[in-house]
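The values are calculated or read from the model by the stated rules, or taken from the named source; none is laboratory data. Being a predicted model, the structure only gives us computed values, none of them experimental. Virtual Cβ from ideal backbone geometry, glycine too; neighbours counted across all protein chains shown.
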Ligand SMILES: *Cc1c(COP(=O)(O)O)cnc(C)c1O
C-alpha cells in the first residue's frame, strides 16, 4: 500500500482499520466524479481527527455555557475571522453541521412558519432543502418554485438556464419573504445581481445557497454573492475542499438571529474539531494556489464537457461554467437510464451519480441524466487532457455495458490513470 495519511488511522480496532484501508483503496484507485465531493488536505483531516472532538462548547466565543473553552474560543474566532475575510462578509457562523442545517437555520432565523419562499425546482436543479415534499422545510414553510427555460438547439441562445422572467413573475404573484438562489445540479454560473433586483422589486430577502460553488467563489472563478445577498449559506466540503460541514455568512443586522437559530435553535454543542478543520480550509482557500486550482476545475469541466459531447452525450444547458457537467443520456443511447449508467460506471471504477434533468420523463430513482464533477480529480492533478481520456473511458464502458470483459478493461485503464494521480501522494495546496 502507498504511504498515506492512512498510517495515522491505524487503530486498535481491526475491523474499522480494515474498512478504512478498503475505503482508502477505493478513493485512490478509482475515479471520483461526484460533483459534491473532494479530497480534503492532510491538514484538514488532521484537525478533523484532533482532540477537539472531546470538548463541549455550547454557545459562541466569549459566551459559552461550559468551562474550559479558552482555546476553543480562539479556534472558533480564528475560523470566523478567516471566513469573513475570505468572502468579505460582515458576520460568519461556522457551527452548522452541514449545508442542510445551515439552510434550515436561516429559514428559522428569517421566517415565520407558513411564510412563502421562492426557490429553484428540485427537478430543475434545486436542493432538497429548497422545499422538497420529503424535507421538513416544505412542511413548515410555503415553497413556490421557479425553473429553467426550455431546451434550445440554437447554440447562440442556450436553453435550460435559470428563467429570470419566471422568477420575476412568481415573485410578483406570490410576494415571497425570501428568495433563494443556488442549485445542486446546474452547470451554469449563477449571477446574484438579477436575483437581488427581483428581491428588491418585491421587498424579499435574498439567500444565496452556494453549497456547490463556494470554492469557486473563494478562488475568484465565480462572482461573489456576498455584496448582493442578505445571507449566504454553503457547505465546506464540496469545491471549498474542507471538512464535511456548513457555514453561514450574513449582513450584520441578521447576525444575532442567525446565531440563535443555529444554537440553540437547531443544534446542540458545536463540532469544534470540524470548526478547526474549517479554519484550516479557509486559510488554504485564501492562498493564490487555490485560485489556480479553481480556475483549473472550470477549465477541466469545459474540456470534459466538450469531450463528452464529441462522444455523443448532450450537456444540459448546452455547456458548463462551473465544476460540473449534467448529461442527458438519451442522446447517447435512448435506452440508457441514469440508474444503469451509474451502476455500469461503478463497475468500471468511475464513481458518478444519476440525476434528474429538466422535465425528465423518468422518476428521480431511475432518471435520464448523470451528473459528473471535476473538483475532486482536479485536486488529484488531472488536467484537461486527462479529463478527455476519462470521457472516452466513460463512453467505452457505457457503449459496451453488456460486455463484462470490456468493463474490466476500462476498470484496469482507470486504475492505471489513478496510479499517476493519487491525491495524497503529493498533495498540493
Ligand atoms: C449539498 C447541498 C446542500 C446540503 O449540504 P449537506 O452538507 O449535504 O447537508 C444544500 N444546498 C445545496 C444547493 C447543495 O448542493
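Please work out if residue 198 is away from the ligand (no atom under 13 Å from the Cβ) and either surrounded by 24 or more Cβ atoms within 10 Å (Cβ to Cβ) or closer than 15 Å to residue 180 by Cβ (or both). Give the derivation first.
Details: away from the ligand (no atom under 13 Å from the Cβ): yes; either surrounded by 24 or more Cβ atoms within 10 Å (Cβ to Cβ) or closer than 15 Å to residue 180 by Cβ (or both): yes.
The answer is yes for residue 198.
Step by step: first the residues of the stretch 129-183, then only those that are part of a loop (DSSP other than H, G, I, E, B) and within 16 Å of the ligand (Cβ to nearest atom), then the one that is surrounded by the fewest Cβ atoms within 10 Å (Cβ to Cβ). Which residue is that?
To start, the set of residues in the stretch 129-183 that are part of a loop (DSSP other than H, G, I, E, B) comprises 131-135, 141, 147, 149-161, 163, 175-177, 182-183.
From what's left, within 16 Å of the ligand (Cβ to nearest atom): 131-132, 134-135, 141, 147, 182-183.
Numbers: 131: 25, 132: 17, 134: 10, 135: 18, 141: 22, 147: 19, 182: 29, 183: 27.
Here the answer is 134.
Which members of the stretch 70-85 meet the condition of being under 21 Å from the mean Cα position of the chain (by Cα) and either surrounded by 23 or more Cβ atoms within 10 Å (Cβ to Cβ) or outside the structural domain of residue 230 (by TED's automatic domain parsing) (or both)?
Matches in the stretch 70-85: 79, 80, 83.
Considering each residue of the stretch 229-269, count those that are near the ligand (Cβ under 10 Å from one of its atoms) and buried (at least 24 other Cβ atoms within 10 Å of the Cβ), and give that number. Full working, then the answer.
Step one: of the stretch 229-269, the residues near the ligand (Cβ under 10 Å from one of its atoms) are 233-238, 244-246.
Restricting the remaining residues to those that are buried (at least 24 other Cβ atoms within 10 Å of the Cβ) gives 233-238, 245-246.
Qualifying residue count, the stretch 229-269: 8.
Suppose we filter the stretch 3-31 for residues that are modelled with pLDDT under 95, assigned to a helix (DSSP H, G or I) and either more than 23 Å from residue 236 (Cβ to Cβ) or in the same structural domain as residue 216 (by TED's automatic domain parsing) (or both); how many remain?
10
Please go through the stretch 95-124 and give me each residue that is closer than 13 Å to residue 207 by Cβ and within 8 Å of the ligand (Cβ to nearest atom), ordered by number. Let's see the steps before the verdict.
Pass one, the stretch 95-124, residues closer than 13 Å to residue 207 by Cβ: 99, 102-111, 115, 117-120.
Within the stretch 95-124, 99, 102, 103 meet the criteria.
Determine which member of the set 299, 341 is over 22 Å from residue 379 (Cβ atoms), in a helix (DSSP H, G or I) and modelled with pLDDT of 95 or more.
Working: 299 fails: over 22 Å from residue 379 (Cβ atoms).
The conditions single out 341.
Can you give me the number of residues within the stretch 32-68 that are in a loop (DSSP other than H, G, I, E, B) and free of Cβ contacts under 8 Å to residues at least 24 places away in the same chain? Spell out the reasoning first.
Initial filter on the stretch 32-68 (in a loop (DSSP other than H, G, I, E, B)): 33-41, 49-50, 55-58, 61-62, 65-68.
Narrowing further to those that are free of Cβ contacts under 8 Å to residues at least 24 places away in the same chain: 61-62, 65-68.
Matching residues across the stretch 32-68 total 6.
Scan the helices (runs of 4 or more DSSP H) fully inside the stretch 371-429 and keep the ones with 1 or more residues being in contact (Cβ under 8 Å) with a residue 24 or more places away in the chain and surrounded by fewer than 23 Cβ atoms within 10 Å (Cβ to Cβ). Lay out the reasoning, then the answer.
Values: elements: 375-379, 384-399, 404-420.
So the answer is 384-399, 404-420.
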